[in-house]
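Report on the following structure.
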Amino acid sequence: MNASMKKYGKIAYDGLITNNATFKLVLGTCATLGMSTSAVNSFGMGLSVTVVLLLSNVIISLLRNVIPNTVRIPAFVVIIATMVTLLRMVLEKYIPDLYDSMGVFLPLIVVNCVILGRAEAFASKQPVLESAADGIFTGLGLTCALTLIGIIREFLGSGSFFGIRVMDFKIGFFTNAAGAFFVYGICIALFVLITDQIDRAKRVKQARLLRVPAGDAPLPPTDAQTEVK
Amino acid sequence: MAATILLIVISAVFSQNFILVKFLGICPFLGVSKKVNSALSMGIAVTLVMILATLVTYPLYTYVMVPLGIEYLEIIFFIFVIAALVQMLEKIIQKLSPALYRSMGIYLPLITTNCAILGVAELMLVNDLSEVVAGAAAGITMNLGFALLYALFAGVGFTLAMVLMGGVREKLEKLPVAKCMKGFPITMVAASFMAMAFYVFALL
């Protein structure tokens, strides 16, 4: 039980942080930039990608021993395209607002590199439950990142939060294309900065744990001291 | 007529540029734009596949899928057509010109999963030209000629953005940039400034 918890924990941590599709791998950028004009849109896009990712991962994992290796990429693409077609029908019927705002980016989920990437790197080699977990967590990582960018752009561009007006200002820059690239770039930089800091703190802590029992060796410098240097 | 054609050209290349305004084909824009030469090869390959894909998908949709009432299968059909075309093109180039294959061939498999190709095929499925080309007079029906023209110049716009970015990145490599901004972040910020320049065309 503990071992399996650890395994799923690792899948979750990889999907959300270390291999975050949007900020670390920088995959599926078209959808990220195109759909992040408002928080609701980007949340909807993230969830749609998550659903397709989950379904395609499960199906590909189930069929992993049936699909011949030489035609695996076309087979994966057909499976993903079928899932997107189904999603499109469901959205058109039940959430027409989201369907309209997604426009051309809805069929383009088929060529979202994240989905094909996870199919190739994970689902084609791993059992069903792990693949499902990988799909959910990779999708959630992507959804969080997209929603964050959406919130920032919506707030700065029109002063509202999830469509609710908070402040009375508008910076047009953030609603158009240039702002999308800018906010995305800054978000990646901040994500890299924060994860690097966490990694360094972890390493310093480990080094201390290893050194202290060995005697009165001096402690490794803390973050603050290295910054000063 | 001439005005419509001019409008399509300006719209596809500048004011509705696929990369910098419509955000289609960002993956190759970030991945293959480290050098001007490779950016140019990728741009030409994409343009070629865009025209061929439109040449097949537009008639397929209008004359086969609509009469049969199977429009809902468009995504599956289109991705299949594009994958087959790319594969065919790769084999033809390999046979005809090994030198060209060496310089362009490695980019061809990447094109199958390029949003720009599927994007142009999907965008062309409108009834009225003004739905795609902003500023065109309403009432001009979409046809294969306009679709091909749009695909060609969308490809030219794509190549233009790729080559410009290649030039910018060659210079960026040599600059001292903060560690966390290296790589993707600084490229995105550079792309943001380029997008601002292209935004001006949309204001005209």
Looking at segment A:142-192 only, could you name the residues that are outside any helix (DSSP H, G or I) and either away from every other protein chain (no Cβ under 14 Å) or closer than 20 Å to A:GLY28 by Cβ (or both)?
A:GLY159, A:SER160, A:PHE161, A:PHE162, A:GLY163, A:ILE164, A:ARG165, A:VAL166, A:MET167, A:ASP168, A:PHE169, A:LYS170
Considering every residue within segment A:37-46, establish whether at least one is part of a loop (DSSP other than H, G, I, E, B) and open to solvent by less than 40 Å² (accessible area, probe 1.4 Å).
yes
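Table: residues versus (1) touching a helix residue (DSSP H, G or I) at 6+ places or on another chain (Cβ under 6 Å); (2) open to solvent by 60 Å² or more (accessible area, probe 1.4 Å); (3) among the basic types (Lys, Arg); (4) farther than 27 Å from A:VAL183 by Cβ.
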| position | (1), (2), (3), (4) |
| --- | --- |
| B:LYS95 | no, yes, yes, yes |
| B:ILE111 | yes, no, no, yes |
| B:ALA121 | yes, no, no, yes |
| B:THR141 | no, yes, no, yes |
| B:GLY145 | no, no, no, yes |
| B:VAL163 | yes, no, no, no |
| B:LYS182 | no, yes, yes, no |
Mind listing whichever residues of segment A:1-32 are in contact (Cβ under 8 Å) with a residue 12 or more places away in the chain and assigned to a loop (DSSP other than H, G, I, E, B)?
A:ASN19, A:ASN20, A:ALA21, A:THR22, A:PHE23, A:LYS24, A:LEU25, A:VAL26, A:LEU27, A:GLY28
Among what's in segment B:158-204 and is within 12 Å of chain A (Cβ to nearest Cβ) and charged (D, E, K, R), pick the residue that is nearest to the chain's Cα centre (by Cα).
B:LYS182
Quick one: is A:ASN57 in a loop (DSSP other than H, G, I, E, B) and either among the polar types (S, T, N, Q) or open to solvent by 70 Å² or more (accessible area, probe 1.4 Å) (or both)?
no
Residue in segment A:85-125 that is surrounded by the most Cβ atoms within 10 Å (Cβ to Cβ), counting only those that are polar (S, T, N, Q) and under 17 Å from A:THR32 (Cα atoms)
A:ASN112
What is the one condition in (1) over 12 Å from the mean Cα position of the chain (by Cα); (2) among the aliphatic types (A, V, I, L, M); (3) at pLDDT 85 or above that A:VAL26 does not satisfy?
(1)
How many residues, within segment B:28-41, are within 22 Å of B:PRO185 (Cβ to Cβ), in a helix (DSSP H, G or I) and open to solvent by less than 40 Å² (accessible area, probe 1.4 Å)?
5
If we keep only residues of segment A:193-206 that are within 11 Å of chain B (Cβ to nearest Cβ) and either among the hydrophobic types (A, V, I, L, M, F, W, C) or closer than 24 Å to B:MET194 by Cα (or both), then the residue most open to solvent (accessible area, probe 1.4 Å) is A:ILE194
Quick one: would you say B:ASN127 is within 30 Å of B:PHE77 (Cα to Cα) and open to solvent by 10 Å² or more (accessible area, probe 1.4 Å)?
yes
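The values are calculated or read from the model by the stated rules, or taken from the named source; none is laboratory data. Note that the coordinates shown come from a computational prediction; the quantities given were computed from them, not determined experimentally. Positions of Cβ are generated from backbone atoms using ideal geometry, with glycine treated the same way; all protein chains shown enter the neighbour counts. Note: accessible area is taken over every heavy atom of the protein model, side chains too, but ligands, DNA and RNA are not part of it. Shrake-Rupley method; radii C 1.70, N 1.55, O 1.52, S 1.80 Å.
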